[in-house]
1. Please list, by residue number, everything in the range 34-61 whose backbone N is under 14 Å from a paramagnetic label point 7 Å out along Cα→Cβ of V10.
2. What aspartates and glutamates does K26 reach when the alpha-carbon gap must be under 19 Å and sequence neighbours fewer than 8 apart in one chain are set aside?
3. Quick check on packing: order 8-17, 64-73 by the mean number of other C-beta atoms within 10 Å, highest mean leading.
4. If the reach is capped at under 16 angstrom between alpha carbons, list the lysines near K23, excluding any in the same chain fewer than eight residues apart.
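A short reminder: the numbers here are calculations on the coordinates, not readings from a lab. The model shown is predicted, which means the values in this text are computed figures rather than measured ones. Here Cβ is always computed from backbone atoms with ideal geometry, including for glycine, and neighbour counts include all displayed protein chains.
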Amino acid sequence: MLSMPHSRKVIRKQDEVADRLRKELKAAGMVIARRKTKRERLIEAAKSGRPANLREQAIQSLSKRRAASQVQASLDMIAGRSV
């Protein structure tokens with residue numbers, strides 16, 4: 001068998017993982033999302049190896065950094081340092 005280009009290998013591997021995930025969820029009787037678009041988006045995220053709630057994690061991380069920045073700015077203002 002001829003070797004496939006790297007991208008085709010990755011695509012085929014991701015499709016296999018997605019199929020396995022679908023079968024496992026169906027066998028367990030779990031419904032991850034009622035809407036097909038959301039379900040497909042979650043499966044795409046799972047097969048690419050990134051968490052499904054990556055957007056929410058990024059938003060939380062950003063809000064924590066902003067809060068820490070505001071606290072530091074307040075401390076600098078109290079200490080008399082200019083920002």
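1. Counting only backbone N, you get 47-50.
2. D15, E16, E40, E44
3. With the highest mean Cβ count within 10 Å placed first, the list reads 8-17, 64-73.
4. Straight-line reach from K23, under 16 Å: K13, K36, K47.
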